[in-house]
1. State all residues of the stretch 64-92 that are in contact with a helix residue (DSSP H, G or I) (Cβ under 7 Å, 6 or more places away or on another chain) and within 11 Å of ligand 1 (Cβ to nearest atom); if no residue qualifies, say none.
2. Quick test of your reading of the structure: residue 70 fulfils all but one of (1) assigned to a loop (DSSP other than H, G, I, E, B); (2) within 20 Å of the chain's Cα centre (by Cα); (3) of a type in the set (A, V, I, L, M). Name the failing condition by number.
3. Of all the residues that make up the stretch 209-230, how many are assigned to a helix (DSSP H, G or I), closer than 26 Å to residue 132 by Cα and free of Cβ contacts under 8 Å to residues at least 40 places away in the same chain?
4. For a quick check of your reading: which strands (runs of 3 or more DSSP E) sit entirely within the stretch 284-329 and have at least 2 residues that are over 19 Å from residue 117 (Cβ atoms) and within 14 Å of ligand 2 (Cβ to nearest atom)?
5. So which residues in the stretch 73-95 are within 16 Å of ligand 2 (Cβ to nearest atom) and in contact with a Pro (Cβ under 9 Å, 6 or more places away or on another chain)?
6. Considering (1) over 13 Å from residue 210 (Cβ atoms); (2) touching a helix residue (DSSP H, G or I) at 6+ places or on another chain (Cβ under 7 Å); (3) basic (Lys, Arg), say which one residue 301 fails and leave the rest.
7. Please go through the stretch 110-133 and give me each residue that is aliphatic (A, V, I, L, M) and surrounded by fewer than 16 Cβ atoms within 10 Å (Cβ to Cβ), ordered by number.
Amino acid sequence: MKILSVFGTRPEAIKMAIPVRTFAAAEGVESVVCVTGQHRQMLDQVLSLFEISPDIDLDLMTPGQSLERVTTRALEGVSEAIRTHRPDWIVVQGDTTTAMAGALAGFYAQVPVAHVEAGLRTGNMASPWPEEGNRQIIGRLAKVHFPPTAKSQANLLAENIDPACVHVTGNTVIDALHYVSDKIEQDAALAAQIDAAFDFIDPAKRLILVTGHRRENFNGGLDRVCDALARLAARGDVQIVYPVHLNPQVQRAAEEHLRGAPDVHLIAPLDYLPFVRLMSRADLIITDSGGIQEEAPSLGKPVLVTRDTTERPEAVEAGTVKLVGTQGERVIEQAARLLDDEAAYAEMARAHNPYGDGHASERILQVLRG
Ligand code: UD1
Ligand code: UDP
């Protein structure tokens, strides 16, 4: 059986890393990896950490790229890879342009498509944009769906997808998180080496870790959040560490509002290993990232999500993740509540695993084997 895995951005690489390693180690399976290179630097860090050497690299990223350009180049490139390698399965992950174009290429070539992290929905095509649309398109094209949770399974069944084609697996991000956490825990020298790179962190001040990159927040949302962060840091008893996404729009907002602000550290995107270490050291995470909403509950870290909607309701319902939107006053008020009210903090800082048990990749392989 030949499996062609297609991915291209940082989160897809993190979430496909253990599935790809599982396919490669399986007897009777030929694993072929096609990366689109939708992200370049942020993808390459992940490939190197998980020791994955792609068989095909479309290397398509350009600065400030448009959605249509990534779509057309990925569609052509993945189609070519399918013609060359003639796989039995195409596996795509999540909701990016790469995932959508990869699924479309499989559909056109009449090769069955398997969708990892299927069934996440907000029901609002404008938020997250364009990811909700990508998910719905892939949902129509895929032959096999791997929702991470019972809720995402229910979303697919409500869209009349054949229940026999839907298999709940847990999210592969938890597989990756376990792999990396074990690596850090088992190697004190490695942990010390990572911590040495964070010697600018003041142990006397509480640590707020921040990320942000959603396109629907480009029109003012990111600016408001960055401005609120500067005001939050001015409290004097906290410090903000913000690894800034390489998207030029994100860089601009962070530079404009936060460069030079006291107790704010703007840094380059971190490799996954140090980023996991930093999440586990943080007191609070403020983010609009999808993957971080899934990882933080398992690390017992409260998350304030700077979005109005989420397709990951499980941790919100459990009370460890809270949607706060992008209005500055609300972001500051909710962060201050956690910083100043011990009971409110304890209520949100509970470790739980709504998104998986670390064995999603094995379940995916088992289904693909039939
Ligand atoms: C993409 C995905 C989004 C996902 C996010 C994860 C789409 C439409 N968007 O958004 O769903 O949540 O990745 O991070 O698929 N850049 C670099 N180097 C990199 C990565 C990005 O320079 O390693 C810059 C480039 O200028 C690039 C720009 O960021 O053109 C935007 O990248 P793109 O993948 O189009 O969008 P993201 O906002 O990263
Ligand atoms: N991440 C990372 N380095 C960083 C910021 C995030 O390795 O500097 C990881 C994070 O742990 C998560 C993934 O990248 O697994 C999330 O990626 P991103 O926020 O870019 O995309 P999303 O999950 O929103 O699609």
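The values are calculated or read from the model by the stated rules, or taken from the named source; none is laboratory data. It should be emphasised that the depicted structure is a prediction, and the values quoted were computed from it without experimental measurement. Positions of Cβ are backbone-derived with ideal geometry, glycine not excepted, and every protein chain shown enters the neighbour counts.
1. Selection gives 64, 67, 70, 71, 74.
2. Among (1) assigned to a loop (DSSP other than H, G, I, E, B); (2) within 20 Å of the chain's Cα centre (by Cα); (3) of a type in the set (A, V, I, L, M), residue 70 violates only (1).
3. 2
4. Per the criteria, 284-287.
5. Selection gives 93, 94, 95.
6. (1)
7. 125, 126 - these are the residues of the stretch 110-133 that are aliphatic (A, V, I, L, M) and surrounded by fewer than 16 Cβ atoms within 10 Å (Cβ to Cβ).
Okay, residues lined up against (1) within 16 Å of ligand 1 (Cβ to nearest atom); (2) at pLDDT 95 or above; (3) in a helix (DSSP H, G or I); (4) among the hydrophobic types (A, V, I, L, M, F, W, C):
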residue: 232; (1), (2), (3), (4): no, yes, yes, yes
residue: 235; (1), (2), (3), (4): no, yes, no, no
residue: 239; (1), (2), (3), (4): no, yes, no, no
residue: 246; (1), (2), (3), (4): yes, yes, no, yes
residue: 249; (1), (2), (3), (4): yes, yes, yes, no
residue: 253; (1), (2), (3), (4): yes, yes, yes, yes
residue: 256; (1), (2), (3), (4): no, yes, yes, no
residue: 262; (1), (2), (3), (4): no, yes, no, no
residue: 269; (1), (2), (3), (4): yes, yes, no, no
